[in-house]
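All remarks here apply to the structure that follows.
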Amino acid sequence: MELFRETKIDFLGKKWYFLTLTMVLFVVGMIALAIHHGPKMGIDFTGGAVVDVKFDQAAPISKIRQALDASGMTQGVIQPVGGSGSDEVLISLPLSALNQRQLEQSRRNLLAALYKTGPAESGKLDLNNVSPSQLANWLVQNDPNHWAAASNGQARYQALAATILSQYRDHHWGGLIPSFAALTQVPGVTPALVAAMRPAFFVGRFSIQSASIIGAEVGSQLRRQAVLAVLYALAGMLVYIAFRFEWIYGVAAVVAVFHDVLITLGMFALVQLPISLTVIAAFLTLVGYSMNDTIVVFDRVRENLKILRREKLSDLVNLSINQTLSRTVLTSGLTFLSVLSLLALGGPVLRGFSFCMTFGILVGTYSSIAVAAPMMVAYIEWRNRRQQRPARAVAGRASGEKLARSRG
């Protein structure tokens, strides 16, 4: 499939317009980075906790916000999973909002705050947030099934606790036990056992699906590794392109990718989206995507150099860009539509990743044509002019000496 045939767009003739647009985007991004003292870093790099909470109905966002504020966790960020009206939310808490000496205590503090959003029974354990070991210990101590006399009684209670919580609560019921009556569906749970559990347990309205806690040292290490990953990727691609083509091609391609990364980073600072590990993955994908698009153009330039040796370099590069334009629009357009739908429908959890990919594909496709190609042409033309000056000087001196001899 080919969208364009024999186009003759003078891309290099518009290089000053491209340079102006690049400078505007770059300056806006750098100002945003300066105002906000760098990009906004996510919990992955600053340290803190990310807690996935599932409710038995639509999550009460306003009540969660009030409960967190009342508990001193005013910096917490609440993100619905799946858009408005979702029954699941991600709660991100920076280190400043946590008990840094005992990070595990922060989970209990968050639970206490969440219990303020709905009814909770004081002095009882929540079946939707109790651990298998806690339930097993209660069963062993209270012996509701009268298994303690058997040699394997403790093991049977441990297996029963794992069945109730892991197999049924977490998998069969999707993380939430609907009611005490539903427990009778679990093999080994009798009505007598349910009656014995009622005074000690209650069925909460929510459950913590997962909780990841990252300390400040780990966050700093992740941040350093993320920067190194991007730099190593650029260095490796520079070596590859310099080996496959010529070193100026590699430099032009890497400068174009730096252009893409810095401008995209500036846009993150402008819209104040946090940088997370998934965003770093998007940046690495952007590096590879932009580099691949640049290589396609350079490869066509190399092929045309063998055929059209007498053509002016700028005309030859224009021809090469026009020849690859259909392929560029098709691949970039389809990818752009995919990530744009992810940005529109993916929800806040994937917003950073999808924003990076959406904006990055646009700027990466643009830089292959408007940054890498003009830079390569400008350098080669400058090098050729520099090499021609001594040759003209030598030729001039030789003709002068010849004229002097003829007069003599």
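The values are calculated or read from the model by the stated rules, or taken from the named source; none is laboratory data. Only a predicted model underlies this, so the values are computations on that prediction, with no experimental measurement involved. Don't worry about glycine lacking a Cβ; one is built from the backbone with ideal geometry, like all the others, and counts go over all protein chains shown.
Please verify whether segment 355-378 includes one or more residues that are surrounded by 10 or more Cβ atoms within 10 Å (Cβ to Cβ), in contact with a Lys or Arg (Cβ under 7 Å, 6 or more places away or on another chain) and either modelled with pLDDT under 85 or not small (Gly, Ala, Ser) (or both).
The answer is yes; a qualifying residue exists.
Only residues in segment 209-221 that are more than 30 Å from TRP173 (Cα to Cα) count as the first member; pair them with residues that are in a helix (DSSP H, G or I) and at pLDDT 70 or above, Cβ under 8 angstrom, at least 6 apart or cross-chain, and list the lot.
ALA216/THR46; GLY219/ILE43; GLY219/ASP44; GLY219/PHE45; GLY219/THR46; SER220/PHE45
Taking the condition of being over 23 Å from VAL227 (Cα atoms), polar (S, T, N, Q) and surrounded by fewer than 19 Cβ atoms within 10 Å (Cβ to Cβ), how many residues in segment 273-321 meet it?
1
Which number in (1) assigned to a helix (DSSP H, G or I); (2) surrounded by 14 or more Cβ atoms within 10 Å (Cβ to Cβ) marks the one condition that VAL239 misses?
So the condition that VAL239 fails would be (2).
For segment 4-99, list the helices (runs of 4 or more DSSP H) that sit wholly inside it and hold at least 1 residues that are more than 21 Å from the chain's Cα centre (by Cα); which are they?
15-35, 61-70
Residue check: is ALA398 surrounded by fewer than 10 Cβ atoms within 10 Å (Cβ to Cβ) and at pLDDT below 85?
Taking the combined requirement at face value, the residue does not satisfy it.
Considering only residues of segment 265-283 that are aliphatic (A, V, I, L, M) and farther than 18 Å from GLN221 by Cβ, which is nearest to the chain's Cα centre (by Cα)?
ALA282
For SER210, state whether it is assigned by TED's automatic domain parsing to the domain that holds LEU90 and either modelled with pLDDT of 85 or more or not charged (D, E, K, R) (or both).
Yes; evaluated as a whole, the condition is true for this residue.
Mind checking whether some residue in segment 321-336 is in contact with a helix residue (DSSP H, G or I) (Cβ under 6 Å, 6 or more places away or on another chain), over 30 Å from VAL28 (Cα atoms) and assigned by TED's automatic domain parsing to the domain that holds SER220?
yes
Check SER207 against each of (1) crowded, with 20+ Cβ neighbours inside 10 Å; (2) part of a helix (DSSP H, G or I) and name the one condition it does not meet.
The one condition SER207 does not meet is (2).
Being under 30 Å from ASP126 (Cβ atoms) and in contact with a strand residue (DSSP E or B) (Cβ under 9 Å, 6 or more places away or on another chain) narrows it down to one of ARG223, ARG205, so name that one.
Every option except ARG205 fails the conditions.
Looking at this structure, is PHE353 part of a helix (DSSP H, G or I), touching a Ser or Thr at 6+ places or on another chain (Cβ under 8 Å) and closer than 17 Å to ASN292 by Cα?
So PHE353 does not fit the description; no.
Inspect segment 321-332 for any residue being in a helix (DSSP H, G or I) and under 18 Å from LEU19 (Cα atoms) and give the result as yes or no.
yes
Applying the selection to segment 111-142, what residues are without any contact (Cβ under 8 Å) to a residue 12 or more places away in the chain and not in a helix (DSSP H, G or I)?
The answer is SER122, GLY123.
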